[in-house]
1. Name the residue that is nearest to residue 39 (Cα to Cα), counting only residues in the stretch 1-29 that are among the charged types (D, E, K, R) and open to solvent by 70 Å² or more (accessible area, probe 1.4 Å).
2. Check whether at least one residue in the stretch 33-53 is under 13 Å from the mean Cα position of the chain (by Cα), at pLDDT 85 or above and part of a helix (DSSP H, G or I), and report yes or no.
Amino acid sequence: RSFLSREDIGIILINQCIAELIRHAVEAHTRSLPAVLEIPSKEHPYDAAKDSVLRRARGMFTADDLR
């Protein structure tokens with residue numbers, strides 16, 4: 001949480017498996033900066049359905065927007 005309030009941080013990279021442990025905090029963060037991006041780890045496969053950024057982005061566009 002301290003990283004979210006710092007002015008000198010623009011992007012926070014977090015392994016998706018760790019993000020799952022603090023999902024409530026990841027979902028509660030709605031500001032654009034710092035951006036919280038979930039990345040895969042070597043030990044755990046990446047699941048796009050759990051990625052909070054991708055879920056928000058899907059709600060912003062329709063199929064017609066991408067044509």
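1. If we take residues in the stretch 1-29 being among the charged types (D, E, K, R) and open to solvent by 70 Å² or more (accessible area, probe 1.4 Å), then 20 is nearest to residue 39 (Cα to Cα).
2. No, that holds for no residue.
The values are calculated or read from the model by the stated rules, or taken from the named source; none is laboratory data. Predicted, not measured: the structure shown is a model, and the values here were computed from it. Surface accessibility is based on the protein's heavy atoms, side chains included, excluding ligands, DNA and RNA. Shrake-Rupley method; radii C 1.70, N 1.55, O 1.52, S 1.80 Å.
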